[in-house]
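Asker: A single structure is presented below for examination.
Coordinate-derived values only; no laboratory data. Note that this is a predicted model, so its numbers are computed, not measured. Neighbour counts run over all protein chains shown; Cβ positions are idealised from the backbone, glycine included.
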Amino acid sequence: MDDIVIKAMAKWPNVPDCYGWLGLDARGHWWMRDARTQALGPFPTLDTPGPAAARGARLAHEKLIEFIGRNYQADAAGRWFFQNGPQRVYVSLEATPWIWRLQSDATQADAVAVQAHTGVDAGAVRSAWLDEAGRLYLHTDLGFGLVDSADMWRAAAAVEAGRWTPQPIESALTPQRFGFVRAPTA
């Protein structure tokens with residue numbers, strides 16, 4: 001967490017939490033949801049896709065995205081949030097709290113390095129999971145997440161090479177199984 005955020009939390013300890021204003025999609029993009037957008041319904045999820053307009057406005061400012069990524073974490077109840085100075089902004093998740101991006105690992109042939117949408121290294125892959133729609137999830141040292149659909153060709157190569165052996169799972173069961181909340185509420 002950024003030092004400036006820690007100082008703001010100490011200076012203003014009683015700022016109310018914020019819900020419904022920030023979403024993370026299945027590609028690892030952040031979405032800002034103003035009051036008009038929230039009136040269209042909840043942030044779409046894999047299991048309850050709503051209108052596309054309910055996503056809001058996709059964030060594109062590189063420094064803001066980096067700031068959110070550095071200050072992104074979960075509370076004890078598995079609700080993910082962005083600590084924005086003294087205010088905790090809970091994140092609505094389309095899929096999972098982490099979206100994995102894959103790169104070829106230069107240290108080994110046919111190996112894959114896993115990185116979170118925030119740029120953080122995921123560490124070792126502990127298990128792989130495949131849902132009813134063919135989406136691939138990885139449980140890593142960092143946590144549980146969905147592989148970005150743009151990286152499925154690298155993921156397929158890792159599976160074919162025997163590096164990962166996906167187990168079946170229903171998408172709707174992933175939050176309970178891996179301890180996260182897709183739509184946090186107060």
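Asker: In a shell of Cβ-Cβ distance under 11 Å around Cys18, excluding Cys18 itself, what net charge do Lys and Arg (+1) and Asp and Glu (-1) give?
Answerer: +1
Asker: For Thr140, what is the net charge nearby, where nearby means another residue's Cβ is under 11 Å from its Cβ and Lys, Arg count +1, Asp, Glu -1?
Answerer: The answer is -1.
Asker: Under the Karplus relation 6.51 cos²θ - 1.76 cosθ + 1.60, θ = phi - 60°, what is the ordered set of whole-Hz ³J(HN,Hα) values for the stretch 39-52, x standing for Gly and Pro?
Answerer: 5, 6, x, x, 4, x, 10, 4, 8, 9, x, x, x, 4
Asker: Taking R0 as 35 Å, what's the FRET efficiency between Asp141 and Glu62 from their Cβ-Cβ distance, rounded to 0.05?
Answerer: Computed FRET efficiency for Asp141 and Glu62: 0.85.
Asker: Next question. From the gyration tensor of the Cα coordinates in the stretch 3-93, what semi-axes in whole Å does the equivalent ellipsoid have, largest first, with each one equal to sqrt(5λ)? It would help to have the intermediate numbers written out before the result.
Answerer: Numbers: eigenvalues 112, 39, 31 Å².
Its equivalent ellipsoid spans semi-axes of 24, 14, 12 Å.
Asker: Considering only Gly28, Leu64, Ala122, whose Cα is most displaced toward the positive end of the charge dipole of the chain, charges sitting on Cβ of Lys, Arg (+1) and Asp, Glu (-1)?
Answerer: The residue sitting most towards the positive pole is Leu64.
Asker: Could you list which residues have their amide H under 5 Å from that of Thr96, counting only those 5 or more apart in sequence or on another chain, with H placed in the peptide plane?
Answerer: Leu146
Asker: Once fully extended, how much extra length lies between Ala133 and Thr48, figured as 0.36 nm per residue of separation less the alpha-carbon to alpha-carbon distance?
Answerer: 29.2 nm
Asker: Another one. Viscosity 0.890 mPa s, temperature 25 °C: Stokes-Einstein D of the chain from its Kirkwood Cα radius, in µm² per second?
Answerer: In µm²/s, the coefficient rounds to 143.
Asker: Listing Tyr90, Tyr137 from the residue with the fewest other Cβ atoms within 10 Å to the one with the most, what is the order?
Answerer: Fewest to most other Cβ atoms nearby, the residues stand as Tyr90, Tyr137.
Asker: At q = 0.24, 0.25, 0.26 Å⁻¹, what is the base-10 log of I(q)/I(0) for the stretch 23-72 according to the Debye formula with one equal point scatterer per Cα and no solvent? Please give it to two decimals.
Answerer: Each listed q corresponds, in turn, to -0.90, -0.94, -0.99.
Asker: Stokes-Einstein D for the stretch 98-171 at 20 °C, 1.002 mPa s, Kirkwood Rh over Cα pairs, in µm²/s? Don't skip to the answer; put the middle values down first.
Answerer: Numbers: Rh = 12.1 Å.
The calculation lands on 178 µm²/s.
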